[in-house]
Amino acid sequence: MTSGTISAQITDYANRADPYPLYAELRKQPVRREDDGTYLVSTFYEVRSLANDPRLSNDTSNRPPGYARPGQPAEETGLPPSFIFTDPPKHDRLRDTINRPFGPPHSPRFLDGLREELARAVTELLDAFEGKDQVDIVEDFAYPLPVTAICKVLGVPREDEPRFHVWADALASSLDPHAGDDDGLERTQRARQELGAYLSDLIETKRRHPGPGMLSALAPDMTPADLEATAVLLLVAGHETTVNAITNTTLTLLRHPDLLDRFQKDPGLAVPLIEEVLRYEPPVQFVPWTTALTDIEVAGTTIPKGSPVWLMLAAANRDPRRFEDPDRFDPDRKDNEHLGFYTGIHYCFGAPLARIELHLAVPELFRRVKFSRLLEDPPPYRANAVLRGPRHLPVAIEGLTA
């Protein structure tokens, strides 16, 4: 395998079901230069170090001319970049502002206050399994729940939630560095325009008539454009990653019946089990939009100024220098400091909400549903190489408990 082919193989749909042999190949050379000048960093300590290095920029405008820029920058959307695609000090200002109504220390009870409604949503979704002998875990469970959560966070009326399903799916493709067919780009652009028009109207309504949710709380402190860009980011990142996390957890447990049996007998295993899934099958596989602001030496290799850098989180999460027997799924793993939600100043903003959803959804799913078998393994995966997860997860079930 040559260095010029491995990123194309990682993004090739043929390898979506099991990219881990490619990641193992990558780790043989912690920093690998691709033929187009991109540098892939794949080992745990090097990824963690670079993710915390101010010499590495998330601002996609620092990319070399002509290089693909995931995330659809301002000139293509009419919006400023969301804070994930900015560097300090702008990043810190935006993130601090956005965090105030979202969680501690300013709003310590906001997320906890969502638990009851999200638990009710979980119950309603599972009640709909009654009388069925097979279900699709994605369409029937994992996909709708995070939409409810994000819409609740933003303050979107419940009746508008179905529209967000379509928009989230289309917009997530913009994060994939090698996605670019004309039909897909047109679909993404159309979804951005529709969502942008919807959010613009909703933000203006929230300014005039404040109500619950982040849009009302942030309207006095942010420009409409920045607030709209933030809402788009929360929809894409907050929805797609949680869908994948729930689905990956379900698939992993069904592939490990001994651990599933143990989990059903001991729901207290939920915390370490979910954290191990975030290491073992992370919903975000890699971060492909960083750029070196100056020459950076990493593991004996110099990454030149201006070079695009991919931080391979999923490869780092299975680095044997950091994790013993890393290809084994082990919820008893100690010191499980994974990169499933990234690290540093760009640590996943929605991680606390995602964990709440996972801890409400996964134990209740396996408490109430009597699973028979996977109907397709491996299941069909989403096209997106960055936000990796099954597009469908059909399973046979034998019943539902109260």
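The values are calculated or read from the model by the stated rules, or taken from the named source; none is laboratory data. The model shown is predicted, which means the values in this text are computed figures rather than measured ones. With ideal geometry, Cβ positions are generated from the backbone for all residues, glycine too; neighbour counts draw on all protein chains shown. Ligands, DNA and RNA are excluded from the accessible area calculation, which covers all protein heavy atoms including side chains. Shrake-Rupley method; radii C 1.70, N 1.55, O 1.52, S 1.80 Å.
Within the range 363-400, can you find the residues that are closer than 23 Å to residue 340 by Cβ, part of a strand (DSSP E or B) and modelled with pLDDT under 95?
Correct list: 387 only.
Considering only the range 103-145, state which residues are of a type outside the set (D, E, K, R), closer than 19 Å to residue 363 by Cβ and open to solvent by 40 Å² or more (accessible area, probe 1.4 Å).
123, 128
When both residues are 6+ apart or on different chains and their Cβ atoms are under 8 Å apart, which pairs have a first residue that lies in the range 108-122 and is in contact (Cβ under 8 Å) with a residue 12 or more places away in the chain, and a second that is in a loop (DSSP other than H, G, I, E, B) and surrounded by 12 or more Cβ atoms within 10 Å (Cβ to Cβ)?
111/102; 111/103
When the residues of the range 128-161 are filtered to those that are part of a helix (DSSP H, G or I) and without any contact (Cβ under 8 Å) to a residue 12 or more places away in the chain, which remaining residue is farthest from residue 216 (Cα to Cα)?
159
Does the range 7-41 hold any residues that are closer than 26 Å to residue 380 by Cα and surrounded by 19 or more Cβ atoms within 10 Å (Cβ to Cβ), and which are they?
Passing the criteria: 7, 10, 11, 16, 19, 22, 23, 26.
Just give me the residues in the range 76-92 being exposed (fewer than 13 other Cβ atoms within 10 Å of the Cβ) and over 30 Å from residue 186 (Cβ atoms), in sequence order.
88, 89
How about the range 323-352: which of its residues are of a type in the set (Phe, Trp, Tyr) and over 21 Å from residue 58 (Cα atoms)?
Answer for the range 323-352, where residues must be of a type in the set (Phe, Trp, Tyr) and over 21 Å from residue 58 (Cα atoms): 323, 329.
Among the candidates 390, 352, 379, single out the residue that is open to solvent by 60 Å² or more (accessible area, probe 1.4 Å) and within 24 Å of the chain's Cα centre (by Cα).
352
So for the range 277-293 (the condition being in contact with a Pro (Cβ under 6 Å, 6 or more places away or on another chain) and on the phi > 0 side of the Ramachandran plot), does at least one residue qualify?
No: zero hits.
Determine, yes or no, whether residue 266 is over 19 Å from residue 17 (Cβ atoms) and among the acidic types (Asp, Glu).
Answer is yes for this residue.
How many residues does the range 162-185 hold that are modelled with pLDDT of 80 or more and open to solvent by 20 Å² or more (accessible area, probe 1.4 Å)?
Residues in the range 162-185 being modelled with pLDDT of 80 or more and open to solvent by 20 Å² or more (accessible area, probe 1.4 Å): 2 in total.
Filter the range 303-321 down to residues that are open to solvent by 10 Å² or more (accessible area, probe 1.4 Å) and under 19 Å from the mean Cα position of the chain (by Cα), then give me how many there are.
Count: 1.
For residue 345, which of the numbered conditions (1) of a type in the set (Val, Ile, Thr); (2) within 30 Å of residue 53 (Cβ to Cβ); (3) touching a residue at least 24 places away in the same chain (Cβ under 8 Å); (4) not in a helix (DSSP H, G or I) fails to hold?
Failed condition: (4).
Which ones in the range 9-46 are modelled with pLDDT under 95 and of a type in the set (A, V, I, L, M, F, W, C)?
None; the set is empty.
Within the set of pairs 6+ apart or on separate chains, which have a first residue in the range 25-46 that is over 16 Å from residue 313 (Cβ atoms) and among the small types (Gly, Ala, Ser), a second that is assigned to a loop (DSSP other than H, G, I, E, B) and modelled with pLDDT of 95 or more, and C-beta atoms under 9 Å apart?
From residues that are over 16 Å from residue 313 (Cβ atoms) and among the small types (Gly, Ala, Ser), the pairs are 37/304; 37/306; 37/307.
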